1. Mind checking the per residue accessible area of the range 622-693 for me, 1.4 Å probe, whole number of Å²?
2. Using the Cα centre as the reference, give the magnitude of the dipole from point charges on the C-beta atoms of the chain (Lys, Arg: +1; Asp, Glu: -1; all else neutral), rounded to the nearest 20 debye.
3. From the phi of every residue in the range 610-622, what ³J(HN,Hα) in whole Hz does the Karplus formula 6.51 cos²θ - 1.76 cosθ + 1.60 yield, where θ is phi - 60° and glycine or proline is x?
4. Could you run the Karplus curve 6.51 cos²θ - 1.76 cosθ + 1.60 with θ = phi - 60° over the range 212-217 and give me ³J(HN,Hα) per residue in whole Hz, x for Gly and Pro?
5. Multiplying the sequence separation of residue 190 and residue 28 by 0.36 nm and subtracting their Cα-Cα distance, what value in nm do you get?
6. Could you provide, to the nearest whole Å², the per residue accessible area of the range 283-329 with probe 1.4 Å?
7. Just name one of 649, 408, 578: the one whose Cα is farthest towards the positive end of the charge dipole of the chain (beta-carbon charges, Lys/Arg +1, Asp/Glu -1).
8. Please express the shape of the chain as an equivalent ellipsoid: the semi-axes are the square roots of 5 times the eigenvalues of the C-alpha gyration tensor, given largest first in whole angstrom.
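The values are calculated or read from the model by the stated rules, or taken from the named source; none is laboratory data. Computed from a prediction, not measured in an experiment: that's the story for all the values here. Here the Cβ is made from the backbone with ideal geometry for all residues, glycine too, and neighbour counts use every protein chain on show. Surface accessibility is based on the protein's heavy atoms, side chains included, excluding ligands, DNA and RNA. Shrake-Rupley method; radii C 1.70, N 1.55, O 1.52, S 1.80 Å.
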Amino acid sequence: PLIRSPCQSRMTRTLPIERPATMPLALIREGLLVLLLAVVTGLLVGLAGLRAPTVTLPITALKLDSAAISSGIYARETHPDGYLYRWTSGSAVVQLRGAFNAAPAYVAEVRLRAENPSGPQPLTFAIQGRDVATVTPSADFRTYRLLVGPDAALDHELWLNMRTESFVAPENPRPLGLILTDVDLRPLLAPNWFGALFAAVGVGVLGVGLRVVGVPMRERSALVLIAGLGLAATAAIYRPTPQSYPALAALALSTIWLAGWIARAAPARIALAALVVLVAFAGVIWPSWLSDDALISYHYAQNFAAGHGLVYNVGERVEGYTNFLWTVLFAGIITLGGDPVAWSYILGTALALALVLLTYALGSRLANAAVGLLAALIVATSQSVLLYTARGSGLETGFFALLVLAGAARYLTAERRPLPLAGAGLLFALAALTRPEGVLVFGLTGLHLLVSLWVGNAPGHGDTGTRGHGDSIGPPSSLVRWFAGSLVPVSAFAAAFLLIFLPYFLWRVNYYGDLLPNTFYAKTGGGIRQIGRGALYTGGFALTIGGPLLLVSGLPWWRDWRAALASWRGYLLPLTLAYTAYIIAVGGDHFRGERFFVPLLPWFAILLADGLVLAYRQLPGRYPLLRYALTGLLIGAFAFAALLRTAPIDITIRGLDESVWIWREIGWWVADNGAPDASIAAEGAGAPAYYSRRTTIDMLGLTDRHSARVIVPDMGAGVAGHEKRDPDYVLNIRQPTYIPQIWEDYFGGASVLSDQYRLISVLTRSGRELQLWERRP
């Protein structure tokens with residue numbers, strides 16, 4: 001029912017009648033064209049492997065902000081002789097995630113010299129965690145070249161480690177190793193024949209698939225051309241990233257086929273295909289990342305798959321997650337032998353593409369194709385959406401957004417029929433199992449259903465948003481008639497929801513012993529300060545989605561509020577406003593990109609697009625070309641500005657991503673060297689727990705019942721989710737075996753820990769040197 005808008009369904013397509021004798025010739029011409037496009041696409045994708053970019057660690061720059069993660073390399077300095085350099089510690093590591101997704105191998109070029117006062121000291125190079133060469137650098141600069149190939153155990157990562165004897169200079173108390181001026185990772189260039197074959201076959205299959213669903217020949221050719229150009233262009237700019245190119249290409253091609261099937265107008269098909277390429281390869285165009293919070297869920301899934309129950313620490317029943325369905329999904333992936341991190345990128349991209357298509361379908365159904373396409377453009381170019389779906393994160397945000405959007409779509413097209421309403425209730429139940437806010441959306445929808453039945457004007461299939469000024473809401477029925485007429489549809493809607501949600505709710509209360517997830521207690525309790533933080537958070541989101549332009553969404557209400565209230569707008573606008581009030585009340589979130597607003601974005605996009613289309617129709621029609629040009633310029637500028645807002649966000653997520661992989665190595669070291677009953681205290685509670693598989697004390701309380709309920713005097717003034725702390729409880733009650741030095745300030749510094757702990761230096765699997773506080777016997 002979401003395929004065509006009502007106005008589109010009344011239209012008929014006039015096709016030229018072709019003689020049977022000419023049909024084979026047309027098919028041959030089209031087949032040759034698709035074959036040519038497939039071959040050209042394959043060649044371009046294959047030859048793109050000959051221009052993979054060199055990854056340079058910017059030693060001479062102020063910050064090491066390249067794609068490579070480094071450790072043991074100090075800040076930039078200027079030598080008395082005038083050149084720029086950086087000191088290393090005794091162990092320096094360069095790590096490049098997704099390196100072998102972009103090239104088969106690399107030549108690492110390192111320019112360095114030694115200045116150890118004790119004389120020349122051996123320097124050991126380790127590649128992929130294994131020692132490969134030992135040299136003795138001199139006081140003069142030398143360039144060392146090493147061939148670095150992939151290691152199946154490391155997936156697609158590159159590790160390069162340099163270890164030497166360190167020293168401490170009187171004027172420089174840091175442990176010093178070597179002087180670096182250049183570190184380059186040069187890919188070995190070779191044609192990507194596998195990618196070429198994959199792209200060529202994929203483009204050919206797309207052409208056949210579009211014909212099967214009845215897309216006209218010219219539009220088929222255009223869609224195949226867009227797909228081919230998109231695959232070739234993204235292969236040309238492809239860089240080291242955890243996103244697999246074949247997986248992204250397969251998702252892009254299949255979604256372009258879906259777009260050709262769902263959309264009916266040629267401009268919509270072509271525009272959607274272009275948006276699909278942008279969204280599918282967002283993780284290549286911009287940096288990908290993984291949130292440490294995602295690994296908390298994966299650790300619950302890990303324990304569940306291992307038979308320990310849905311727990312963070314074995315034997316401790318604390319609900320430190322708020323995404324039950326997402327966690328269970330990844331438990332299934334782990335049980336089947338899949339890597340949850342790799343699958344999180346694939347699922348994130350698939351969810352982003354589904355959000356774009358469903359937004360278009362719903363907008364077209366509720367209003368018209370122009371509203372649907374403009375709403376899809378807003379969603380596809382939102383960095384908030386891309387950041388938490390196609391660019392990674394590993395969080396459940398995109399999954400929840402898709403479920404509530406599908407539930408709202410099913411509700412708006414149900415026409416009071418019990419079976420479709422039951423479908424909407426089921427979708428909202430799945431949303432509630434994915435995020436607690438699903439209960440809020442279900443409750444608001446149920447309230448709207450009751451009110452719409454009372455006034456006898458529920459939005460449905462016939463509501464195209466085209467009511468005139470004279471239309472109004474019908475008079476209320478009698479209470480008895482309203483009750484009788486509401487009983488079946490409301491019961492169907494509520495019963496479907498409760499059938500799924502009620503057993504889950506009773507189970508979790510019995511299993512964990514709390515009405516609300518532990519994270520609720522860890523993140524809330526700030527009163528007016530918390531509300532103020534939420535208001536600032538909401539203001540930041542409003543600016544990113546258009547700021548004052550949002551006022552256009554109220555244009556239908558200004559013209560005739562009664563007609564607007566009786567249409568689908570009377571559901572979506574109150575729903576977004578109520579949900580926004582909830583976000584303000586809980587104080588927002590600490591992640592960049594306004595994560596909490598991602599589920600609302602498709603609703604905002606449809607409302608905003610509806611207002612923009614209505615405003616466009618009010619413009620003078622005397623100069624249509626000028627009107628088209630100005631409108632296109634405005635929309636293009638809006639979308640371009642939305643995409644560009646990622647620049648300040650990228651700096652933050654690069655730092656978060658680097659932290660996750662360093663914390664992973666802490667977990668690995670504890671797994672390799674710690675006793676089975678060893679425990680570790682962590683502020684980043686995801687990666688250390690998931691990779692160590694040891695008891696982990698979450699110092700911020702997300703997965704710890706005691707810390708989550710600590711009373712903080714100025715709660716709400718700090719960073720959301722990082723305010724509740726109890727150092728004495730962690731140190732003297734939980735007594736962790738290991739405390740990473742990077743988190744010693746939580747306890748007040750080294751002087752507080754030194755009585756019960758000793759500082760040890762460890763080498764991780766990559767050769768990275770880290771310091772841990774180890775509890776004394």
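1. Heavy-atom accessible area per residue stands at 48 Å².
2. Value, rounded to 20: 2820 debye.
3. Using θ = phi - 60°, the values come out as 4, x, 5, 5, 5, 5, 4, 5, 7, 5, x, x, 5 Hz.
4. In residue order, the calculated couplings are 4, 8, x, 6, x, 4 Hz.
5. 54.9 nm
6. 27 Å²
7. Ranked along the dipole, the leading option is 408.
8. So the three semi-axes of the chain are 49, 36, 23 Å.
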